[in-house]
Structures are given as C-alpha cells and as structure tokens.
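A.B. asks: I am attaching a structure below and will ask some questions about it afterwards.
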Ligand SMILES: Nc1ncnc2c1ncn2[C@@H]1O[C@H](COP(=O)(O)OP(=O)(O)O)[C@@H](O)[C@H]1O
Ligand SMILES: [Mg+2]
C-alpha cells in the first residue's frame, strides 16, 4: 500500500470532528500527523512535520493567511495549503489562489468533503510532478543586496510600470527578500493596490536617528511578500512629498543591510545633484521607447548627465515596443552609443487592466507575452541570462 498522505491540521475548531483516516480513496489513506492549537506557529510546525497537506482555518489563524501561504509555497514546496474559510467573497478566493493555495473550502465543512478535496489536490500535484516547469528564476538570490534603479529621461515611458513588475517578479519568482522604493510619487502604491500610511519624506528631519528598525515602521507590506517604501501617502490624492537626496541615500544604505533586492522607482531628475541617487545603485535600468525621436533624444541627454561611472552599469530597455514603431533599434543604439538589453512589448489591454485592478501583470497575467518579457528582464537582473539573449527575442517574438 502507498504511504499515507500526511495532513497537518491548523483548524482547532474543526479538528475534533475531522475523522479523516476513515475516508479512503483508491487504496490511499490520510494520516493526521499533527493538530495545531490556536496561536501555534504554523510555519514552524510545517517545517517540523513536513506534511503533504496543511489544512488551514483562516478564521482562527492569528496572522495573515495569504502571507503565510506565500511563504509556505516558497519554502515548503512539498506542502499543499488548503484554505478553510467562512468567507464567500470572490476577492478572498482570488487572493488565496494568488498566494498559492491549492484549494479553498467554505465552512462549515464535513470530513468527507475535506478528504475528497485533499485527494483531489494530491492527485493534481502527482499529475504535475513530472512536467512541472519551475516558475522560479534560477540563480536568484544574490550574495549581497542588489540595488536596481529604474530611471528614464522622459516621463510616461513606463518607469513605474517596469519597477513594480520587476519587484513583483523578483519576489514571486525567487526566494529573495525584495523592497520597492518609490521615490517619485504614490504611483507604486496604486499599481500594488496599497495605501501607505507613511512617507519616507517624514524621515528627512532627523536622518541621524533613523536606523533599520525605525525605517521598517514606514514599510507597507504587499501580499506577495514585497515591501513598499514610498514618497507619498495614500493611494489616491496622497500628496507626494519631496524626498531629499540625503534621505534617499540613507534609506537605500539601510535597506542594503536587510534585503536581497531593492528596486528603486526613481524620480524624473531635474538636476545633476539629484542624480547622485544613481550612484547608490548596482544596476540602472534606463527605460526608453522606439516610438519617436523625443524619447531617444531625452534618453541621450539623460545618459550624458549621469554621474561618472553610472553609464557603465546602465542597461537600455525599450518599453511599449510595437510593430508600428518608427525608430529602428540600430538608430537607437547608434544615437545612445549603447546596446539595447531588453524589450518589453506594448500591451494596451493587459497593462492598463493590471494597473486598474492593482495587481502587477507578472502576477495576475503571468501567461501573457508582456509578462514573459518582464520575466526575461528579471532574469537579466538576476544574472540568469545575458543581455544578448534577451534582446534577440525581439526579432522573432515581437515581429515574427
Ligand atoms: N508595456 C506597456 N504596454 C502598454 N502600456 C504600458 C506599458 N508600460 C507602461 N504602459 C502605460 O504607460 C503609462 C505610463 O506608465 P508609467 O509606468 O506611469 O510611466 P512613468 O513612470 O515612466 O511615468 C501608463 O498609463 C501605463 O499603463
Ligand atoms: Mg512613474
């Protein structure tokens, strides 16, 4: 007989009535390996028991079930998480699925239906096991923190869109700790459907006293595990406060101590002095466009104004690429004197929709071509592909 399916119960109210061992299917059997009490550390206990299935009552859980599930999916891949909830809200179901839950059961539940759900989940896992292409990005976690600044020489080219999706892709596709630092406005919050309560601009007055612990109080957590620090409070109408260069540099210095990746959505620089922030980055993604000469011209001016040493760590990324674009890659490369490292296509449906629902498209629409372009850019950032491989795709994927 096959080994029993190991089930860990994190549902104190239902545990007594769930006689799962009595329900068999096709010679398979369920074994309850443990039953957690209210308040017990579910993540830690999963490490201890390594169950095949965690039955999680989200109503009694002390903590955020979505974040817990996300962590489990990343760090205990062997465990499938089944949600038990009294909520019928489609939004809760959506968030559970996004976090990586394998099944969502609405309470009250009976032992028979719970057992059936467990067998179904295990069956699907077994089917996938042979052909599961890992969604994770290889060579993901850098030995030291990597700070990536997303910048451009002109507004509206997609700097924030790329910064948010890059951060989300790093966070969901790797086991890394990722922070997004929105220096310009509240736009990062909008794209993540978050309304930060604090602006890091508030720290400027007494920077000497700001340590990592104090800074963490200014973080807004996203369900993906990503943390956001922003110049602006509130998602709508939140005034964007100006973050001084010193404040930005101090925050980046502190984040370096505790994160694997820091993605900075930089402001549109007005002066050379503001550009000092770029010196703090390990890599700069310079977003441009092949739409018209203004984008190319302003990108050139931006590259020329950069502090010394910054151009060497800059990668040129064309965003919103479309078959109707008039400026050729060769022209852009010649004008900028740099190669194009990656291309993100224009998708007038997926991108605005993802902004409007507040879910990065690399998470909500990961199967789409524009999301795959972002995955390629993310691979470039993690170092798992080289620029030439990323850019080569344009010829046959965009215009093929
Ligand atoms: N790849 C893309 N395809 C389609 N629309 C895009 C794409 N990237 C960005 N956009 C759109 O361009 C607009 C400007 O993007 P945004 O990220 O705010 O630019 P920036 O931060 O550079 O000002 C947004 O309305 C967004 O929907
Ligand atoms: Mg922006």
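The values are calculated or read from the model by the stated rules, or taken from the named source; none is laboratory data. Here the structure is a predicted model, which means the values were calculated and not measured. Using ideal geometry, Cβ is built from the backbone for each residue, glycine included, and neighbour counts are taken over all protein chains shown.
A.B. asks: Quick check on this structure: which one of 71, 125 is in contact with a strand residue (DSSP E or B) (Cβ under 8 Å, 6 or more places away or on another chain) and at pLDDT below 85?
C.D. replies: On inspection, the qualifying residue turns out to be 125.
A.B. asks: Sticking with this one: Select from the range 274-314 the residues that are within 16 Å of ligand 2 (Cβ to nearest atom) and part of a strand (DSSP E or B) and write down the one among them that is surrounded by the fewest Cβ atoms within 10 Å (Cβ to Cβ).
C.D. replies: 284
A.B. asks: Would you check which residues across the range 155-176 are away from ligand 2 (no atom under 12 Å from the Cβ) and either at pLDDT 95 or above or in contact with a helix residue (DSSP H, G or I) (Cβ under 8 Å, 6 or more places away or on another chain) (or both) and list them?
C.D. replies: 165, 166, 167, 168, 169, 170, 172, 173, 174, 175, 176
A.B. asks: Does residue 146 satisfy the condition of being at pLDDT below 90 and buried (at least 20 other Cβ atoms within 10 Å of the Cβ)?
C.D. replies: No; evaluated as a whole, the condition is false for this residue.
A.B. asks: Looking for whichever is touching a strand residue (DSSP E or B) at 6+ places or on another chain (Cβ under 9 Å), more than 24 Å from residue 275 (Cβ to Cβ) and within 16 Å of ligand 1 (Cβ to nearest atom) here; the options are 192, 226. Which one fits?
C.D. replies: 192
A.B. asks: If you check 78, 103, which single one turns out to be touching a strand residue (DSSP E or B) at 6+ places or on another chain (Cβ under 8 Å), under 24 Å from residue 171 (Cβ atoms) and assigned by TED's automatic domain parsing to the domain that holds residue 42?
C.D. replies: 103
A.B. asks: While we're on this one: Any residue at all in the range 196-215 that's touching a helix residue (DSSP H, G or I) at 6+ places or on another chain (Cβ under 7 Å), closer than 30 Å to residue 321 by Cβ and crowded, with 24+ Cβ neighbours inside 10 Å?
C.D. replies: Scanning the range 196-215, I find no residue that is touching a helix residue (DSSP H, G or I) at 6+ places or on another chain (Cβ under 7 Å), closer than 30 Å to residue 321 by Cβ and crowded, with 24+ Cβ neighbours inside 10 Å, so the answer is no.
A.B. asks: Answer yes or no: is there a residue in the range 338-352 that is within 16 Å of ligand 2 (Cβ to nearest atom), surrounded by 21 or more Cβ atoms within 10 Å (Cβ to Cβ) and within 24 Å of the chain's Cα centre (by Cα).
C.D. replies: yes
A.B. asks: Then there is this: Within the range 245-273, restricting attention to residues that are assigned to a loop (DSSP other than H, G, I, E, B), in contact (Cβ under 8 Å) with a residue 12 or more places away in the chain and within 16 Å of ligand 1 (Cβ to nearest atom), which residue is surrounded by the most Cβ atoms within 10 Å (Cβ to Cβ)?
C.D. replies: For the range 245-273, the residue satisfying everything is 266.
A.B. asks: Another question about this same structure. For the range 161-189, which residues satisfy the criterion of being within 12 Å of ligand 1 (Cβ to nearest atom) and under 15 Å from residue 370 (Cα atoms)?
C.D. replies: Across the range 161-189, the qualifying residues are 161, 162, 163, 164, 165, 166.
A.B. asks: Right, next: Here's a check for you: in the range 177-186, which residue that is within 16 Å of ligand 2 (Cβ to nearest atom) and within 16 Å of the chain's Cα centre (by Cα) is surrounded by the most Cβ atoms within 10 Å (Cβ to Cβ)?
C.D. replies: Of everything passing the filter in the range 177-186, 182 is surrounded by the most Cβ atoms within 10 Å (Cβ to Cβ).
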